[in-house]
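The values are calculated or read from the model by the stated rules, or taken from the named source; none is laboratory data. This one's a predicted model, so the numbers in the text were calculated from it and none came from an experiment. Note: ideal-geometry Cβ built from the backbone for every residue, glycine included; neighbour counts use all protein chains shown. Accessible surface is based on the protein model in full, side chains and every heavy atom, while ligands, DNA and RNA are left aside. Shrake-Rupley method; radii C 1.70, N 1.55, O 1.52, S 1.80 Å.
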Amino acid sequence: QVPLKPGRSLMDWIRLTKSGKDLTGLKGRLLEVTEDELSKHNKKEDCWICIRGFVYNVTPYMEYHPGGEDELMKAAGTDGTDLFDQVHRWVNYESMLKECLVGRMAVKAIAVPKGELLLRILLFLHQIPVDEIVIIILVVLSELLTLCLVFKSNNYDWFQTDSLITIVIYTKQKDMNADLVIVDCQDKQLRGEIIMDDHSYLVEVDLDHAVSEDVAVNIAEKVGKVEIILKKKDNVHWKNLGQPSEGHNTFIKRTDRGLFYRKCKLVSKTEVTHDTKLFCLMLPKGTHLRVPTGQHVYLKHIIAGTEVVKPYTPVLPFLPLDFQEPPCHDGVHIYLMIKIYSHGLFTQALDHLQIGDYISVSNPEGNFKKSQVQISEELLLLAGGTGFTPMVKLLNFALTEVSCLRTVKLIFFNKTEDDILWRNQLEQLALKDERFEVQFILSQPSKDWVGKQGKISPSLLSEFAKRSRRDSKVLICICGPAPFTEQGVQ
(Lines give C-alpha, C1' and ligand atoms only; values in the text may rest on other atoms or scores of the structure.)
Protein backbone atom coordinates (compact mmCIF):
# COMPACT_ATOMS: atom_id res chain seq x y z
CA GLN A 1 0.00 0.00 0.00
CA VAL A 2 0.99 3.63 -0.51
CA PRO A 3 0.20 6.71 1.61
CA LEU A 4 -2.93 8.43 0.28
CA LYS A 5 -3.54 12.18 0.24
CA PRO A 6 -5.94 13.61 2.85
CA GLY A 7 -9.54 13.16 1.75
CA ARG A 8 -8.70 10.07 -0.35
CA SER A 9 -9.75 7.28 2.03
CA LEU A 10 -12.11 4.43 1.20
CA MET A 11 -14.94 6.29 2.94
CA ASP A 12 -14.21 9.38 0.83
CA TRP A 13 -14.43 7.21 -2.31
CA ILE A 14 -17.78 5.74 -1.18
CA ARG A 15 -19.09 9.28 -0.60
CA LEU A 16 -17.94 10.34 -4.07
CA THR A 17 -19.67 7.37 -5.75
CA LYS A 18 -22.92 8.28 -3.98
CA SER A 19 -22.70 12.01 -4.77
CA GLY A 20 -24.36 11.67 -8.19
CA LYS A 21 -21.27 12.98 -9.99
CA ASP A 22 -20.70 11.61 -13.50
CA LEU A 23 -17.55 9.52 -12.96
CA THR A 24 -17.42 8.01 -16.47
CA GLY A 25 -17.84 11.24 -18.43
CA LEU A 26 -20.51 9.51 -20.53
CA LYS A 27 -23.61 11.01 -18.86
CA GLY A 28 -25.11 7.62 -18.04
CA ARG A 29 -24.57 6.02 -21.48
CA LEU A 30 -23.12 2.51 -21.67
CA LEU A 31 -20.83 1.69 -24.59
CA GLU A 32 -19.79 -1.42 -26.46
CA VAL A 33 -16.01 -1.02 -26.34
CA THR A 34 -13.68 -2.43 -29.00
CA GLU A 35 -10.07 -3.42 -28.24
CA ASP A 36 -8.92 -0.52 -30.40
CA GLU A 37 -11.05 1.97 -28.45
CA LEU A 38 -9.91 0.53 -25.09
CA SER A 39 -6.23 0.87 -26.05
CA LYS A 40 -6.64 4.64 -26.66
CA HIS A 41 -7.52 5.26 -22.98
CA ASN A 42 -4.12 4.46 -21.48
CA LYS A 43 -3.09 7.66 -19.65
CA LYS A 44 -3.48 8.70 -16.00
CA GLU A 45 -5.90 11.48 -16.97
CA ASP A 46 -7.84 9.09 -19.24
CA CYS A 47 -7.58 5.50 -18.03
CA TRP A 48 -9.94 2.66 -18.93
CA ILE A 49 -9.42 -0.92 -17.74
CA CYS A 50 -11.27 -4.11 -18.69
CA ILE A 51 -12.07 -6.68 -15.95
CA ARG A 52 -13.95 -9.86 -16.92
CA GLY A 53 -15.46 -8.33 -20.04
CA PHE A 54 -16.55 -5.04 -18.44
CA VAL A 55 -14.76 -1.75 -18.99
CA TYR A 56 -14.31 0.84 -16.22
CA ASN A 57 -13.05 4.42 -16.32
CA VAL A 58 -10.70 4.29 -13.32
CA THR A 59 -9.37 7.85 -13.81
CA PRO A 60 -11.39 9.26 -10.87
CA TYR A 61 -10.31 6.30 -8.68
CA MET A 62 -6.57 6.85 -9.26
CA GLU A 63 -5.92 8.88 -6.10
CA TYR A 64 -8.07 6.56 -3.96
CA HIS A 65 -6.36 3.29 -4.94
CA PRO A 66 -4.52 1.88 -1.86
CA GLY A 67 -1.91 0.25 -4.10
CA GLY A 68 -1.07 3.55 -5.81
CA GLU A 69 -1.54 4.94 -9.31
CA ASP A 70 1.37 3.00 -10.82
CA GLU A 71 -0.30 -0.33 -10.05
CA LEU A 72 -3.48 0.73 -11.87
CA MET A 73 -1.47 2.03 -14.81
CA LYS A 74 -0.05 -1.46 -15.41
CA ALA A 75 -3.45 -2.38 -16.86
CA ALA A 76 -4.28 0.97 -18.52
CA GLY A 77 -6.00 0.52 -21.86
CA THR A 78 -5.90 -3.29 -21.65
CA ASP A 79 -7.66 -6.32 -20.20
CA GLY A 80 -6.45 -6.30 -16.58
CA THR A 81 -8.31 -9.43 -15.43
CA ASP A 82 -5.19 -11.61 -14.93
CA LEU A 83 -3.31 -8.84 -13.12
CA PHE A 84 -6.35 -8.15 -10.94
CA ASP A 85 -6.70 -11.85 -10.05
CA GLN A 86 -3.01 -12.10 -9.14
CA VAL A 87 -3.14 -9.17 -6.73
CA HIS A 88 -6.65 -9.05 -5.24
CA ARG A 89 -9.35 -11.10 -6.88
CA TRP A 90 -11.19 -10.96 -3.52
CA VAL A 91 -11.98 -7.25 -3.95
CA ASN A 92 -15.61 -6.63 -4.90
CA TYR A 93 -14.75 -4.38 -7.85
CA GLU A 94 -18.34 -4.49 -9.20
CA SER A 95 -19.54 -2.70 -6.06
CA MET A 96 -16.51 -0.41 -5.72
CA LEU A 97 -16.46 0.70 -9.38
CA LYS A 98 -20.12 0.46 -10.38
CA GLU A 99 -20.34 4.25 -10.96
CA CYS A 100 -17.26 4.00 -13.23
CA LEU A 101 -18.76 1.43 -15.63
CA VAL A 102 -18.19 2.45 -19.25
CA GLY A 103 -19.75 -0.66 -20.81
CA ARG A 104 -19.03 -4.14 -22.11
CA MET A 105 -16.24 -5.29 -24.40
CA ALA A 106 -17.40 -5.88 -27.96
CA VAL A 107 -17.32 -9.53 -29.00
CA LYS A 108 -14.85 -10.07 -31.82
CA ALA A 109 -16.44 -12.37 -34.39
CA ILE A 110 -14.15 -14.27 -36.76
CA ALA A 111 -15.98 -16.06 -39.52
CA VAL A 112 -13.95 -18.53 -41.59
CA PRO A 113 -15.79 -20.38 -44.41
CA LYS A 114 -15.69 -24.18 -43.93
CA GLY A 115 -13.78 -24.74 -47.19
CA GLU A 116 -11.16 -22.15 -46.29
CA LEU A 117 -10.75 -23.60 -42.75
CA LEU A 118 -10.18 -27.10 -44.17
CA LEU A 119 -7.67 -25.69 -46.68
CA ARG A 120 -5.75 -23.93 -43.87
CA ILE A 121 -5.57 -27.16 -41.84
CA LEU A 122 -4.33 -29.16 -44.85
CA LEU A 123 -1.70 -26.54 -45.67
CA PHE A 124 -0.56 -26.54 -42.02
CA LEU A 125 -0.32 -30.35 -41.88
CA HIS A 126 1.46 -30.47 -45.26
CA GLN A 127 4.39 -28.53 -43.73
CA ILE A 128 4.86 -30.97 -40.82
CA PRO A 129 6.64 -34.36 -41.07
CA VAL A 130 4.33 -37.38 -40.69
CA ASP A 131 5.97 -38.57 -37.45
CA GLU A 132 5.42 -35.13 -35.86
CA ILE A 133 1.73 -35.20 -36.90
CA VAL A 134 1.40 -38.56 -35.13
CA ILE A 135 3.00 -37.06 -31.99
CA ILE A 136 0.61 -34.05 -32.10
CA ILE A 137 -2.42 -36.37 -32.40
CA LEU A 138 -1.16 -38.54 -29.50
CA VAL A 139 -0.58 -35.48 -27.28
CA VAL A 140 -4.09 -34.16 -28.01
CA LEU A 141 -5.64 -37.60 -27.32
CA SER A 142 -3.60 -37.87 -24.10
CA GLU A 143 -4.83 -34.46 -22.90
CA LEU A 144 -8.45 -35.39 -23.69
CA LEU A 145 -8.05 -38.73 -21.88
CA THR A 146 -6.53 -37.01 -18.82
CA LEU A 147 -9.42 -34.52 -18.77
CA CYS A 148 -11.95 -37.36 -19.00
CA LEU A 149 -10.23 -39.25 -16.17
CA VAL A 150 -10.18 -36.14 -13.96
CA PHE A 151 -13.92 -35.67 -14.34
CA LYS A 152 -14.56 -39.41 -14.12
CA SER A 153 -12.51 -39.73 -10.93
CA ASN A 154 -14.37 -36.91 -9.21
CA ASN A 155 -17.87 -38.34 -9.55
CA TYR A 156 -20.00 -38.86 -6.48
CA ASP A 157 -22.58 -41.35 -5.21
CA TRP A 158 -25.20 -41.05 -2.53
CA PHE A 159 -27.13 -43.55 -0.47
CA GLN A 160 -29.52 -43.48 2.48
CA THR A 161 -30.68 -45.28 5.59
CA ASP A 162 -33.82 -44.51 7.58
CA SER A 163 -32.05 -41.64 9.34
CA LEU A 164 -28.98 -40.68 7.27
CA ILE A 165 -27.99 -39.38 3.83
CA THR A 166 -24.37 -40.14 2.84
CA ILE A 167 -22.74 -38.44 -0.16
CA VAL A 168 -19.52 -40.15 -1.28
CA ILE A 169 -16.95 -38.34 -3.43
CA TYR A 170 -14.08 -40.32 -4.99
CA THR A 171 -11.13 -37.95 -5.34
CA LYS A 172 -8.38 -40.60 -5.86
CA GLN A 173 -6.09 -38.21 -3.91
CA LYS A 174 -3.83 -40.06 -1.46
CA ASP A 175 -3.13 -37.01 0.70
CA MET A 176 -6.78 -36.02 1.15
CA ASN A 177 -7.51 -34.61 4.63
CA ALA A 178 -10.19 -32.69 6.54
CA ASP A 179 -8.55 -29.30 5.79
CA LEU A 180 -9.34 -29.82 2.09
CA VAL A 181 -13.09 -30.40 2.57
CA ILE A 182 -15.49 -27.49 3.06
CA VAL A 183 -19.19 -28.18 3.64
CA ASP A 184 -22.05 -25.71 4.17
CA CYS A 185 -25.57 -26.99 4.75
CA GLN A 186 -28.30 -24.48 5.61
CA ASP A 187 -32.01 -24.43 4.78
CA LYS A 188 -31.83 -27.49 2.48
CA GLN A 189 -28.95 -25.90 0.52
CA LEU A 190 -25.93 -28.20 0.47
CA ARG A 191 -22.55 -27.06 -0.81
CA GLY A 192 -19.52 -29.34 -0.55
CA GLU A 193 -16.20 -28.23 -2.04
CA ILE A 194 -13.11 -30.47 -2.22
CA ILE A 195 -9.77 -28.69 -2.73
CA MET A 196 -7.24 -30.45 -5.00
CA ASP A 197 -4.17 -28.24 -5.49
CA ASP A 198 -5.24 -25.31 -7.68
CA HIS A 199 -8.56 -26.96 -8.67
CA SER A 200 -11.70 -27.76 -6.72
CA TYR A 201 -14.60 -30.17 -7.12
CA LEU A 202 -18.11 -29.02 -6.16
CA VAL A 203 -21.27 -30.79 -5.05
CA GLU A 204 -24.06 -28.21 -4.76
CA VAL A 205 -27.74 -29.14 -4.56
CA ASP A 206 -31.06 -27.94 -3.20
CA LEU A 207 -31.88 -31.04 -1.12
CA ASP A 208 -35.15 -32.92 -1.65
CA HIS A 209 -35.99 -32.86 2.06
CA ALA A 210 -34.93 -31.07 5.22
CA VAL A 211 -31.90 -32.22 7.22
CA SER A 212 -30.66 -31.32 10.69
CA GLU A 213 -27.81 -28.87 11.26
CA ASP A 214 -25.42 -31.67 12.21
CA VAL A 215 -22.95 -32.36 9.39
CA ALA A 216 -20.21 -34.99 9.61
CA VAL A 217 -17.24 -35.49 7.29
CA ASN A 218 -15.36 -38.81 7.08
CA ILE A 219 -12.21 -39.26 5.01
CA ALA A 220 -10.41 -42.41 3.92
CA GLU A 221 -7.01 -40.76 3.39
CA LYS A 222 -5.29 -43.67 1.64
CA VAL A 223 -7.83 -43.82 -1.20
CA GLY A 224 -9.03 -40.21 -1.11
CA LYS A 225 -12.68 -41.05 -0.43
CA VAL A 226 -14.73 -38.26 1.17
CA GLU A 227 -18.08 -38.88 2.89
CA ILE A 228 -20.49 -36.06 3.76
CA ILE A 229 -23.08 -37.38 6.23
CA LEU A 230 -26.39 -35.60 6.83
CA LYS A 231 -29.14 -36.45 9.34
CA LYS A 232 -32.68 -36.58 7.98
CA LYS A 233 -35.22 -34.45 9.84
CA ASP A 234 -38.02 -36.82 8.90
CA ASN A 235 -37.94 -40.57 8.47
CA VAL A 236 -38.91 -40.55 4.78
CA HIS A 237 -37.45 -42.28 1.74
CA TRP A 238 -35.75 -39.83 -0.65
CA LYS A 239 -36.27 -40.47 -4.35
CA ASN A 240 -33.58 -37.95 -5.34
CA LEU A 241 -30.74 -36.16 -3.58
CA GLY A 242 -32.11 -32.84 -4.80
CA GLN A 243 -32.04 -30.21 -7.52
CA PRO A 244 -28.48 -29.55 -8.74
CA SER A 245 -27.19 -25.97 -9.04
CA GLU A 246 -25.33 -24.58 -12.05
CA GLY A 247 -21.90 -25.35 -10.55
CA HIS A 248 -22.82 -28.85 -9.32
CA ASN A 249 -20.50 -31.77 -10.17
CA THR A 250 -17.83 -29.51 -11.72
CA PHE A 251 -14.03 -29.69 -11.43
CA ILE A 252 -12.47 -26.33 -12.28
CA LYS A 253 -9.65 -23.96 -11.27
CA ARG A 254 -10.17 -22.36 -7.87
CA THR A 255 -9.58 -18.90 -9.33
CA ASP A 256 -12.54 -19.52 -11.67
CA ARG A 257 -14.74 -20.83 -8.85
CA GLY A 258 -15.04 -17.54 -6.99
CA LEU A 259 -15.30 -17.04 -3.25
CA PHE A 260 -18.09 -18.48 -1.10
CA TYR A 261 -19.10 -16.76 2.15
CA ARG A 262 -21.09 -17.82 5.19
CA LYS A 263 -22.29 -15.63 8.09
CA CYS A 264 -20.36 -16.20 11.33
CA LYS A 265 -21.34 -14.94 14.79
CA LEU A 266 -18.97 -12.82 16.91
CA VAL A 267 -18.77 -14.60 20.28
CA SER A 268 -15.88 -12.75 21.96
CA LYS A 269 -13.48 -9.84 21.52
CA THR A 270 -10.46 -9.50 23.81
CA GLU A 271 -7.56 -7.05 23.99
CA VAL A 272 -4.11 -8.28 22.96
CA THR A 273 -2.33 -4.88 22.97
CA HIS A 274 -3.43 -1.25 23.15
CA ASP A 275 -4.64 -1.34 19.52
CA THR A 276 -4.99 -5.04 18.64
CA LYS A 277 -7.84 -7.40 19.53
CA LEU A 278 -8.51 -11.12 19.26
CA PHE A 279 -11.88 -11.74 17.61
CA CYS A 280 -13.52 -15.15 18.05
CA LEU A 281 -16.08 -16.02 15.36
CA MET A 282 -18.37 -19.04 15.49
CA LEU A 283 -19.13 -20.96 12.29
CA PRO A 284 -22.76 -21.86 11.52
CA LYS A 285 -23.84 -25.29 12.80
CA GLY A 286 -24.10 -26.80 9.32
CA THR A 287 -20.57 -25.79 8.31
CA HIS A 288 -17.41 -27.90 8.24
CA LEU A 289 -14.39 -25.63 7.63
CA ARG A 290 -10.78 -25.68 8.80
CA VAL A 291 -8.32 -23.01 7.71
CA PRO A 292 -5.03 -24.73 6.77
CA THR A 293 -1.69 -23.47 8.12
CA GLY A 294 -0.41 -20.52 6.07
CA GLN A 295 -3.81 -19.72 4.52
CA HIS A 296 -6.19 -16.82 5.08
CA VAL A 297 -9.87 -15.95 4.85
CA TYR A 298 -11.69 -12.80 3.72
CA LEU A 299 -14.12 -10.87 5.89
CA LYS A 300 -16.93 -9.09 4.06
CA HIS A 301 -18.98 -6.30 5.59
CA ILE A 302 -21.37 -3.71 4.15
CA ILE A 303 -20.27 -0.19 5.05
CA ALA A 304 -22.35 2.79 3.89
CA GLY A 305 -24.11 0.55 1.37
CA THR A 306 -20.86 -0.72 -0.18
CA GLU A 307 -19.41 -4.22 0.23
CA VAL A 308 -15.90 -3.98 1.68
CA VAL A 309 -13.64 -7.05 1.83
CA LYS A 310 -10.33 -7.56 3.68
CA PRO A 311 -8.03 -10.61 4.12
CA TYR A 312 -7.00 -11.92 7.56
CA THR A 313 -4.99 -14.96 8.67
CA PRO A 314 -6.61 -17.00 11.47
CA VAL A 315 -4.54 -17.68 14.57
CA LEU A 316 -4.89 -20.01 17.57
CA PRO A 317 -6.63 -18.79 20.75
CA PHE A 318 -3.19 -18.95 22.44
CA LEU A 319 0.28 -20.39 21.83
CA PRO A 320 0.33 -23.98 23.18
CA LEU A 321 3.41 -24.73 25.28
CA ASP A 322 2.95 -28.51 25.34
CA PHE A 323 3.95 -30.13 22.06
CA GLN A 324 3.42 -33.77 22.97
CA GLU A 325 0.53 -34.14 20.54
CA PRO A 326 -1.02 -32.07 17.72
CA PRO A 327 -3.66 -29.56 18.86
CA CYS A 328 -7.25 -30.66 18.39
CA HIS A 329 -9.39 -28.49 16.10
CA ASP A 330 -12.75 -27.75 17.68
CA GLY A 331 -14.07 -27.12 14.16
CA VAL A 332 -16.38 -24.43 15.50
CA HIS A 333 -14.38 -21.23 16.03
CA ILE A 334 -12.13 -18.99 13.95
CA TYR A 335 -9.75 -16.64 15.82
CA LEU A 336 -8.52 -13.45 14.16
CA MET A 337 -5.94 -11.06 15.60
CA ILE A 338 -6.77 -7.64 14.14
CA LYS A 339 -5.12 -4.26 14.59
CA ILE A 340 -7.71 -1.48 14.93
CA TYR A 341 -6.56 1.59 13.00
CA SER A 342 -7.89 4.97 14.20
CA HIS A 343 -8.70 6.01 10.62
CA GLY A 344 -9.29 2.50 9.26
CA LEU A 345 -12.79 2.24 7.82
CA PHE A 346 -12.97 -1.55 7.93
CA THR A 347 -11.25 -2.18 11.27
CA GLN A 348 -13.34 0.55 12.93
CA ALA A 349 -16.48 -1.19 11.64
CA LEU A 350 -15.19 -4.51 13.04
CA ASP A 351 -14.44 -2.91 16.40
CA HIS A 352 -18.01 -1.59 16.58
CA LEU A 353 -19.49 -5.07 16.11
CA GLN A 354 -21.34 -6.24 19.21
CA ILE A 355 -21.19 -9.77 20.65
CA GLY A 356 -23.84 -11.73 18.76
CA ASP A 357 -23.47 -9.71 15.54
CA TYR A 358 -22.68 -11.50 12.27
CA ILE A 359 -20.00 -11.01 9.64
CA SER A 360 -19.38 -12.91 6.38
CA VAL A 361 -16.32 -15.19 6.23
CA SER A 362 -14.99 -16.72 3.01
CA ASN A 363 -13.49 -20.12 2.20
CA PRO A 364 -9.75 -20.36 2.91
CA GLU A 365 -7.35 -19.08 0.24
CA GLY A 366 -3.59 -19.36 -0.19
CA ASN A 367 -0.82 -21.41 -1.79
CA PHE A 368 1.34 -22.24 1.24
CA LYS A 369 2.26 -25.93 1.45
CA LYS A 370 3.14 -27.53 4.79
CA SER A 371 5.45 -29.89 2.88
CA GLN A 372 7.87 -26.92 2.54
CA VAL A 373 8.33 -27.04 6.32
CA GLN A 374 8.45 -30.83 6.52
CA ILE A 375 11.64 -31.01 4.43
CA SER A 376 13.43 -28.17 6.26
CA GLU A 377 15.98 -28.39 9.04
CA GLU A 378 15.83 -24.74 10.04
CA LEU A 379 12.85 -22.38 9.96
CA LEU A 380 13.34 -18.62 10.03
CA LEU A 381 10.26 -16.42 10.52
CA LEU A 382 10.45 -12.67 9.83
CA ALA A 383 7.37 -10.80 11.07
CA GLY A 384 6.50 -7.11 11.01
CA GLY A 385 3.63 -6.08 13.34
CA THR A 386 0.47 -8.06 12.58
CA GLY A 387 2.51 -9.97 9.98
CA PHE A 388 2.99 -12.17 13.06
CA THR A 389 -0.49 -13.71 12.55
CA PRO A 390 0.43 -16.34 9.89
CA MET A 391 3.41 -17.31 12.04
CA VAL A 392 1.18 -18.51 14.91
CA LYS A 393 -0.17 -21.69 13.29
CA LEU A 394 3.11 -22.18 11.46
CA LEU A 395 5.06 -22.11 14.74
CA ASN A 396 2.66 -24.56 16.31
CA PHE A 397 2.78 -26.93 13.33
CA ALA A 398 6.58 -26.80 13.08
CA LEU A 399 7.25 -27.51 16.76
CA THR A 400 4.51 -30.15 17.04
CA GLU A 401 4.69 -32.16 13.84
CA VAL A 402 8.06 -31.61 12.09
CA SER A 403 10.67 -33.88 13.67
CA CYS A 404 13.54 -32.95 11.31
CA LEU A 405 13.56 -29.26 12.40
CA ARG A 406 16.58 -28.38 14.54
CA THR A 407 15.86 -24.69 15.04
CA VAL A 408 12.89 -22.34 14.68
CA LYS A 409 13.75 -18.66 14.96
CA LEU A 410 11.27 -15.73 15.01
CA ILE A 411 12.63 -12.23 14.34
CA PHE A 412 9.76 -9.95 15.31
CA PHE A 413 9.88 -6.27 14.25
CA ASN A 414 7.65 -3.68 15.97
CA LYS A 415 7.62 0.06 16.68
CA THR A 416 7.41 -0.02 20.49
CA GLU A 417 7.36 -2.55 23.33
CA ASP A 418 3.61 -1.99 23.70
CA ASP A 419 3.10 -3.19 20.12
CA ILE A 420 4.61 -6.66 20.64
CA LEU A 421 1.88 -9.27 20.24
CA TRP A 422 1.86 -12.19 22.71
CA ARG A 423 5.30 -11.25 24.05
CA ASN A 424 4.91 -13.24 27.28
CA GLN A 425 3.68 -16.33 25.44
CA LEU A 426 6.60 -16.19 22.98
CA GLU A 427 9.14 -15.80 25.80
CA GLN A 428 7.57 -18.73 27.69
CA LEU A 429 7.69 -20.83 24.52
CA ALA A 430 11.41 -20.04 24.07
CA LEU A 431 12.07 -21.21 27.65
CA LYS A 432 9.96 -24.33 27.20
CA ASP A 433 11.32 -25.54 23.85
CA GLU A 434 15.07 -25.35 23.22
CA ARG A 435 14.54 -25.46 19.43
CA PHE A 436 12.72 -22.10 19.50
CA GLU A 437 14.33 -18.67 19.73
CA VAL A 438 12.64 -15.25 19.51
CA GLN A 439 14.31 -11.89 18.90
CA PHE A 440 12.35 -8.63 19.32
CA ILE A 441 13.54 -5.58 17.32
CA LEU A 442 12.02 -2.11 17.84
CA SER A 443 12.16 0.88 15.48
CA GLN A 444 10.91 3.42 18.08
CA PRO A 445 12.15 2.05 21.43
CA SER A 446 11.94 3.83 24.76
CA LYS A 447 15.17 4.83 26.53
CA ASP A 448 14.75 1.79 28.83
CA TRP A 449 14.80 -0.73 25.97
CA VAL A 450 17.90 -2.92 26.16
CA GLY A 451 17.16 -5.14 23.16
CA LYS A 452 17.95 -4.67 19.48
CA GLN A 453 16.62 -1.65 17.61
CA GLY A 454 16.22 -0.58 14.00
CA LYS A 455 14.23 -1.52 10.92
CA ILE A 456 14.63 -4.55 8.69
CA SER A 457 18.03 -4.28 7.00
CA PRO A 458 20.86 -6.42 5.59
CA SER A 459 23.02 -5.79 8.66
CA LEU A 460 20.31 -6.85 11.14
CA LEU A 461 19.34 -9.90 9.12
CA SER A 462 22.93 -11.02 8.60
CA GLU A 463 23.36 -10.92 12.37
CA PHE A 464 20.38 -13.22 13.07
CA ALA A 465 19.71 -15.15 9.85
CA LYS A 466 22.59 -17.59 10.03
CA ARG A 467 22.69 -21.30 9.19
CA SER A 468 23.70 -23.50 12.09
CA ARG A 469 25.39 -25.79 9.54
CA ARG A 470 26.78 -25.04 6.09
CA ASP A 471 24.50 -27.52 4.28
CA SER A 472 21.31 -26.94 6.32
CA LYS A 473 18.00 -26.82 4.45
CA VAL A 474 16.56 -23.47 5.52
CA LEU A 475 13.03 -22.17 4.92
CA ILE A 476 12.46 -18.42 5.40
CA CYS A 477 8.90 -17.10 5.77
CA ILE A 478 8.20 -13.37 5.81
CA CYS A 479 5.05 -11.34 6.42
CA GLY A 480 4.37 -7.69 7.20
CA PRO A 481 3.56 -4.38 5.48
CA ALA A 482 4.49 -4.32 1.77
CA PRO A 483 7.71 -2.22 2.19
CA PHE A 484 8.86 -4.53 5.03
CA THR A 485 8.25 -7.64 2.93
CA GLU A 486 9.90 -6.19 -0.19
CA GLN A 487 13.01 -5.15 1.74
CA GLY A 488 13.14 -8.51 3.53
CA VAL A 489 12.96 -10.40 0.24
CA GLN A 490 15.75 -8.23 -1.24
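Binned at 10 Å from 0, what are the whole-percent values of the Cα-Cα distance distribution for the stretch 7-66, short to long?
20, 51, 27, 2
For the chain, which DSSP H helices look membrane-span-like by this rule: Cα extent along the axis of 15 Å or more and mean Kyte-Doolittle of at least 1.0?
Membrane-span-like by this rule: 114-126, 130-153.
Going down the table (Lys98/Lys265; Lys269/Lys393; Lys172/Lys263), which pairs top 22 Å between alpha carbons? Present the calculation step by step, with values, prior to reporting the outcome.
Values: Lys98/Lys265 30 Å; Lys269/Lys393 20 Å; Lys172/Lys263 32 Å.
Check vs 22 Å cut-off fails for Lys98/Lys265; Lys172/Lys263.
Compute the semi-axes of the equivalent ellipsoid of the stretch 261-365, taking the square root of 5 times each eigenvalue of the Cα gyration tensor, and list them largest first in whole Å.
Working: eigenvalues 108, 57, 30 Å².
Ellipsoid semi-axes (Å, largest first): 23, 17, 12.
With a cap of 12 neighbouring Cβ atoms within 10 Å, and only residues DSSP puts in a loop, list the GluC sites (Glu not before Pro) found in the stretch 419-490.
Numbers: sites: Glu427, Glu434, Glu437, Glu463, Glu486; in loops: Glu434.
Sites meeting the loop and neighbour criteria: Glu434.
Computed over the Cα atoms, what is the radius of gyration of the stretch 242-320 divided by 2.2 N^0.38 Å, N being its residue count?
Working it through for the stretch 242-320, the quotient is 1.38.
At 1.4 Å probe size, with every protein chain present, just tell me what the per residue accessible area of the stretch 414-490 comes to in Å².
Result: 68 Å² of accessible area for each residue.
Among rounded, prolate and oblate, which fits the stretch 10-105 when a ≥ b ≥ c are the square roots of the eigenvalues of its C-alpha gyration tensor, a/c under 1.5 means rounded, and a/b larger than b/c means prolate?
Rounded shape, in that the Cα axes give a/c under 1.5.
Among DSSP beta bridges lying fully in the chain, give the percent that are antiparallel, nearest 5.
Among the beta bridges of the chain, antiparallel pairing accounts for roughly 75 percent.
Check each of the trypsin sites (Lys or Arg not before Pro) in the stretch 341-426 and keep only those in coil by DSSP with at most 14 other C-beta atoms within 10 angstrom; list them in order.
Lys369, Arg406, Lys415
Does the stretch 359-490 classify as rounded, prolate or oblate by the C-alpha gyration tensor (a ≥ b ≥ c root eigenvalues; a/c under 1.5 gives rounded; else a/b over b/c gives prolate, otherwise oblate)?
rounded
Using a 10 Å cut-off on Cβ atoms, rank the peptides 205-213, 96-104, 454-462 from the highest mean neighbour count down.
Most protected by this proxy first, the peptides run 96-104, 205-213, 454-462.
Extending each Cα 7 Å along its Cβ direction at Ser457 and Arg469, get the distance between those two points in nm, one decimal.
3.4 nm
For the stretch 247-348, with all protein chains present and a 1.4 Å probe, just round the carbon and sulfur fraction of the accessible area to a whole percent.
Values: 2530 of 4790 Å².
Within the stretch 247-348, the accessible surface is 53 percent carbon and sulfur.
Considering every pair of different Cα atoms, what Kirkwood radius, in Å, is found for the stretch 178-302?
For the stretch 178-302, inverting the mean 1/r across all distinct Cα pairs yields 16.5 Å.
What does the convex hull of the Cα atoms come to per residue for the chain, in Å³?
233 Å³
For Asp198 paired with Asn424, estimate the spin-label separation in nm (one decimal), with each label point 7 Å from Cα along the Cα-to-Cβ line.
According to this spin-label approximation, the distance is 4.6 nm.
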